[in-house]
Amino acid sequence: MPGLVSIKTPPDAPPLRISVSESNNTTQRSEPGIPKTPSPLPKRLPSPSPSASRSKPSPDRRLKKPQPDSPNQILSETSLDNPDLGPFLLKLARDTIASGEGPIKALDYAVRASKSFERCAVDGEPSLDLVMSLHVLAAIYCSLGRFEEAVPVLERAIQVPEVSRGADHALAAFSGHMQLGDTYSMLGQVDRSISCYEEGLKIQIESLGDTDPRVGETSRYLAEAHVQAMQFDRAEELCKKTLEIHRVHSEPASLEEAADRRLMALVCEAKGDYEAALEHLVLASMAMIANGQDTEVAAIDVSIGNIYMSLCRFDEAIFSYQKALTVFKSSKGDSHPSVASVFVRLADLYHRTGKLRESKSYCENALRIYSKPVPGTTAEEIAGGLTEISAIYESVDEPEEALKLLQKAMKLLEDKPGQQSTIAGIEARMGVMFYMIGRYEDSRNSFESAVVKLRASGERKSAFFGVVLNQMGLACVQLFKIDEAAELFEEARGILEQECGSCHQDTIGVYSNLAATYDAMGRVQDAIEILEYVLKLREEKLGIANPDFEDEKRRLAELLKEAGKTRDRKAKSLENLIDPTSKKTKKEVTKRWPGLGFRI
């Protein structure tokens, strides 16, 4: 259970003569137990183990009045002022979960425990028992999929501890921030999640120092979150810090160092530094070999093959993939999703080298495995494989087949918490597919759904989000929704200027789209200013050898000539609204998109 402070209730606490109602008004769910979120928290004291013979209150019913109908009545009774009630109810909650009775009854106990701790807290003295009960309550909410209700509970929990009071308070504050970050992550709110992790790391460093091994684990955990948010500079900084800590506290070629280097390789690959990524992967592979981790070595071989393919060293990539494939087949079986993932990589490689028959054969082999998954295969694994295969079908001009695979992938993920960003990426790719086959209304709807999810997940400032806005604007142009297209291009321009710079090709494409849209709206002067700026950029910084330069120059001349006339404009076809770069969308969008993060 993430973020719990060690329980202080003695296991042999005497039974209390109180009435505990087992009724509840909460909607029943079918999910048993509390899932453990992998959060790098310091070790804690073990919680009391469940006991089949634990004592329970057994009031004499002959001497008591009938049980009240509403459980809220007991909460208003003076028994909540009993300082022994909170620890007892909290132990009941944990024992109820451990015994498999389900989280609904445990939720009732945890709510009452929190209320009791709240009422018994001494004024001016922060109660760690209250913090602990709130952490348990939030974890139960999360196990029921009620993440929105867990958030205010955890926000209350992190307000109670005072870090200056010592290690126990620091641990409670750290645990609360990390658990809150995990909850925000499950809600798809990436920015808020990372902010909580950052605060947790800050508290941990203040308490333990910046070279403690536990700080290294938290730093790597935070680096993974930054990678998911495509914030690679901060991720690289944290990876370097983690490597330094593990060099001091771990043996050479340790498993911890190998994990750090695999993550660092991922960051370097994302930043285009393939040689550095290859170096980290080779060192990680050597560490895994030294520790006898053959399956992990095979997984690293797949990553090495990816780097070789990026470097166009195809023979070495094939060798790495085949070596990994042999290990996966012998250790996991021919129908394991790991085998399918290597088939997908080989299919991509052979597609890039023009061997389309071999590529399609590997795609079909992978699809056979995904269609009949072995027990233990996750929906995320299958959806990821289907998405990658769809990219290959898209590249060979089979958009209909690619669309079917994307729809299957999205259906697998739609009920999974924490997958909003992934689903948004799939929807954006579906928007591209719909655009390619001329289904512009479907394209716009897919992009709109993706934009809503990306805004909610905190990715509204990423370059990927800017590209999605631009593509949605192009779909709006095809639907004659010029005003909406202009708003989308304007927002995309602001994001891409910030994230990529004015000279980036995607930013210039948005400039040109926006100029054409302003022209169609009658805002000729605005269109002229944008085109003049684009031509100035090309002449002073990018060079005029680009074939789009002459076309943009011609368009500007037409606008200047038109601006000198009376308002007797000829109607322009909407086909001319899309700039030269974007005219090629149907053919080239699949080439530009993967480099901007569309391959998930």
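Specify whether the C-alpha gyration tensor of segment 78-208 places it in the rounded, prolate or oblate class, a ≥ b ≥ c being the square roots of the eigenvalues: rounded for a/c under 1.5, otherwise prolate if a/b is larger than b/c and oblate if not. Oblate, because a/c is 1.5 or more while a/b does not exceed b/c. Can you tell me the accessible area per residue over segment 78-208, all protein chains present, probe 1.4 angstrom, in square angstrom? Dividing the accessible area of segment 78-208 by its residue count gives 36 Å². Computed from the C-beta positions of Ile437 and Ser254 and an R0 of 56 Å, the FRET efficiency is 0.60 to the nearest 0.05. The length gained on full extension between His504 and Gln525, counted as 0.36 nm times the residue separation minus their Cα-Cα distance, comes to 5.2 nm. Taking the accessible area of segment 242-281, probe 1.4 Å, and keeping the other protein chains in place, the carbon and sulfur fraction comes to 49%. At a Förster distance of 51 Å, what's the computed FRET efficiency of Arg146 paired with Glu279, Cβ-Cβ distance as r, to 0.05? Using R0 = 51 Å, I get an efficiency of 0.65.
If you take the beta carbon distance between Gln322 and Thr353 as r and set R0 to 25 Å, what does 1/(1 + (r/R0)^6) give as a FRET efficiency, to the nearest 0.05?
0.95
Shape class of segment 294-373 from the Cα gyration tensor (axes a ≥ b ≥ c, square roots of the eigenvalues): oblate, since a/c reaches 1.5 or more and a/b does not exceed b/c. Approximating the spin labels as points 7 Å out from Cα along Cα→Cβ, the Glu558-to-Tyr533 distance works out to 2.2 nm.
Filter the cross-link list Lys271/Lys323; Lys271/Lys408; Lys329/Lys372; Lys271/Lys453; Lys329/Lys408 down to pairs whose alpha-carbon distance in this structure exceeds 19 Å. In this structure, Lys271/Lys323; Lys271/Lys408; Lys271/Lys453; Lys329/Lys408 exceed 19 Å between Cα atoms.
The values are calculated or read from the model by the stated rules, or taken from the named source; none is laboratory data. Model, not experiment: these values are computed from the prediction. Here the Cβ is made from the backbone with ideal geometry for all residues, glycine too, and neighbour counts use every protein chain on show. Areas reflect the complete protein model, heavy atoms only, side chains present, ligands, DNA and RNA absent. Shrake-Rupley method; radii C 1.70, N 1.55, O 1.52, S 1.80 Å.
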